[in-house]
Amino acid sequence: MSVAGPFPGYAERPPGPVMDREEADRVLDRLGAEHEAIETSLLALQDHAGRRLLEGADLTGITKERWAATERSIALLWGYFDAYAGTLARARAVRSRRRNPNRDDLVTLTDLLRGRSVTVAHAAGPTNPSAGRPARLSERFTLEELVARMNDLYARSLDVVVASDSVWSALPARIDLLSAELHRTRSLARSVGVRPGEHPAGDDLEAVTQELATLRVQVISDPLAFWLSGPGSAAPGGGRPDTTRYDRAARTLEDVRREIEAVLAVRQDAEQRLVRLRDVLSRADRTLTEARAARGEVLAKIAASEVPAVSGPATALQERLVAASEYRRHAQWHRLSPLLESLEREAEEELLRARESLTAVTAPLAVRAELRGRLDAYRAKVARHGLAEDLMLIERYDVARRMLWSAPCDLRVAAQAVRRYQETATELLSQGRAPEPGDGR
């Protein structure tokens, strides 16, 4: 409360030395200014928007309890103020009797201004609910004690009013804005098939809807349940609204919104992704077909070789691709989104396995081709050095060639024949003239 500083108090009459005229006038001027400040503060409290809201609200919980006590405190405040004003009026009346007050006037003024001259009557109950004092029909105060009592009641009353008003100013508007966003998100979710019981995001939307409705009702009826007092703050209204539940609902709604945006993205490019999936699976099938044909060729042309089996087409992936097309046809985007993601990953893996299978199956043919190339390369080399007519080389060349160009081909034996031809050619070249300058071997 905006009041002047405390006055010195006295426990018993007489309150102390009798004041002179100048001191009495100074005290009266100060008390007059204090009276105006107290009245201004009480009127401001009376007109406070938070107090008017509390009076008209259907309160529950802790707010209902504290506001009932606050209403009693405010009524008591006005009773104290009237008693304070009455004592001040009596003191002014004594001072106005004569320009230069006599000793009796000064004694009376001293008693009124410093003594326990203020009597406050109570209807029932303790005068200070927080102090736990026994009920008394009336109490006597000095003006200083009365101001201290009013200051305490005013601070506690203002704290309830300001805290409630702060919560009402902060949370309901934010809840309403979030509810509007929730409404737009729910409409968008329904358009893409995200519904409770069918998609986790739909369940989250339903939970957020119920939470916001419950939260708003509780905030309106019990605002003090959502008030966090500031640590170490004794000022009225020191603290902040508790937005924990609101923040949690906002984060959940944001997560749902991102999920729905992902589903919308699926709706926009679903056809292109399905076309790419069909192409990848088609390439995987063609590669497997090629691998099966190559395996048959290897088994027919290569002897004594371990040829791995080739798996069949990815029928399970094809069935899931058909299901994805059905989801798109019926606009079940919430089901299509996760299915497309898994299909894209597994289709790429299937194509990679098909390519690895083709490589593994055709490995013996690649070995045979490498042996053929090596044999012909050495034959060309010995021909450049004039050794093509050497009988031993001709014989060993014919043996190696017959093995490599006949079916089935024993790669192990053929490799030995090529190596013998290579060794013989190397030996003859080392005994003859040096290789020609342009020979790269």
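The values are calculated or read from the model by the stated rules, or taken from the named source; none is laboratory data. Since the model is a prediction, treat every value here as computed from it, not as a measurement. Here Cβ is always computed from backbone atoms with ideal geometry, including for glycine, and neighbour counts include all displayed protein chains. These area figures cover heavy atoms from the full protein model, side chains too; ligands, DNA and RNA do not enter into them. Shrake-Rupley method; radii C 1.70, N 1.55, O 1.52, S 1.80 Å.
Determine if region 32-48 includes at least one residue that is hydrophobic (A, V, I, L, M, F, W, C) and either closer than 21 Å to Val219 by Cβ or modelled with pLDDT under 85 (or both). So that I can check it myself, show each step before the final result.
Residues of region 32-48 that are hydrophobic (A, V, I, L, M, F, W, C), as a first pass: 33, 37-38, 42-45.
The next check asks that each one be either closer than 21 Å to Val219 by Cβ or modelled with pLDDT under 85 (or both); those that pass are none.
Looking through region 32-48, none of the residues is hydrophobic (A, V, I, L, M, F, W, C) and either closer than 21 Å to Val219 by Cβ or modelled with pLDDT under 85 (or both).
Exactly one of these conditions fails for Pro129: (1) within 45 Å of the chain's Cα centre (by Cα); (2) open to solvent by 30 Å² or more (accessible area, probe 1.4 Å); (3) at pLDDT 80 or above. Give me its number.
All conditions are met except number (3).
Can you pull out the residues in region 381-393 that are open to solvent by 90 Å² or more (accessible area, probe 1.4 Å) and within 16 Å of Arg420 (Cα to Cα)? Full working, then the answer.
Of all residues in region 381-393, those open to solvent by 90 Å² or more (accessible area, probe 1.4 Å) come to 384, 389, 391-392.
Answer for region 381-393, where residues must be open to solvent by 90 Å² or more (accessible area, probe 1.4 Å) and within 16 Å of Arg420 (Cα to Cα): Leu391, Met392.
Mind listing whichever residues of region 274-315 are open to solvent by less than 60 Å² (accessible area, probe 1.4 Å), in a helix (DSSP H, G or I) and modelled with pLDDT under 85? Talk me through it step by step, then tell me what you get.
Applying the first criterion (open to solvent by less than 60 Å² (accessible area, probe 1.4 Å)) to region 274-315 yields 274, 277, 280-282, 284-285, 287-288, 291, 294, 296, 298, 302-303, 305, 307-308, 310, 312, 314.
Going one step further and asking which of them are in a helix (DSSP H, G or I), we end up with 274, 277, 280-282, 284-285, 287-288, 291, 294, 296, 298.
Those that are open to solvent by less than 60 Å² (accessible area, probe 1.4 Å), in a helix (DSSP H, G or I) and modelled with pLDDT under 85: Ala294, Gly296, Val298.
So in region 394-409, with the set limited to residues that are open to solvent by 50 Å² or more (accessible area, probe 1.4 Å) and not in a helix (DSSP H, G or I), which one is nearest to Lys381 (Cα to Cα)? Break it down stepwise before answering.
Filtering region 394-409 down to residues open to solvent by 50 Å² or more (accessible area, probe 1.4 Å) leaves 394-396, 398, 401-403, 405, 407-408.
Pick out the ones that are also not in a helix (DSSP H, G or I) and you get 405, 407-408.
Working: Trp405: 21, Ala407: 27, Pro408: 28 Å.
That would be Trp405.
Among what's in region 348-372 and is closer than 12 Å to Leu404 by Cα and basic (Lys, Arg), pick the residue that is most open to solvent (accessible area, probe 1.4 Å).
Going through the qualifying residues, I end up with Arg372.
Please state which of the following conditions Val266 fails to meet, knowing it meets all the rest: (1) hydrophobic (A, V, I, L, M, F, W, C); (2) modelled with pLDDT of 90 or more; (3) over 19 Å from the mean Cα position of the chain (by Cα).
Condition not satisfied by Val266: (2).
Tell me which residues, restricted to region 321-343, are over 17 Å from Ala201 (Cα atoms), buried (at least 18 other Cβ atoms within 10 Å of the Cβ) and of a type outside the set (Ser, Thr, Tyr).
Listed by number, the residues that qualify are Leu321, Ala324, Arg328, Leu340, Leu343.
Here is a yes/no grid of residues against (1) of a type outside the set (A, V, I, L, M); (2) within 46 Å of the chain's Cα centre (by Cα); (3) not in a helix (DSSP H, G or I):
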residue	(1), (2), (3)
Val18	no, no, yes
Glu22	yes, no, no
Glu34	yes, no, no
Ser41	yes, yes, no
Ile62	no, yes, no
Glu65	yes, yes, no
Arg72	yes, yes, no
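Quick check on region 5-30: of everything there that is hydrophobic (A, V, I, L, M, F, W, C) and open to solvent by less than 30 Å² (accessible area, probe 1.4 Å), which residue is modelled with the lowest pLDDT? Walk me through how you get there before you give the answer.
Filtering region 5-30 for residues hydrophobic (A, V, I, L, M, F, W, C) gives 7, 11, 18-19, 24, 27-28.
Checking the rest, the ones that are also open to solvent by less than 30 Å² (accessible area, probe 1.4 Å) come to 7, 19, 24, 27-28.
Working: Phe7: 32, Met19: 77, Ala24: 80, Val27: 84, Leu28: 85.
If we take residues in region 5-30 being hydrophobic (A, V, I, L, M, F, W, C) and open to solvent by less than 30 Å² (accessible area, probe 1.4 Å), then Phe7 is modelled with the lowest pLDDT.
So Val413 ticks every box in (1) within 57 Å of the chain's Cα centre (by Cα); (2) open to solvent by 30 Å² or more (accessible area, probe 1.4 Å) but one. Which box is left unticked?
Of the numbered conditions (1) within 57 Å of the chain's Cα centre (by Cα); (2) open to solvent by 30 Å² or more (accessible area, probe 1.4 Å), the odd one out for Val413 is (1).
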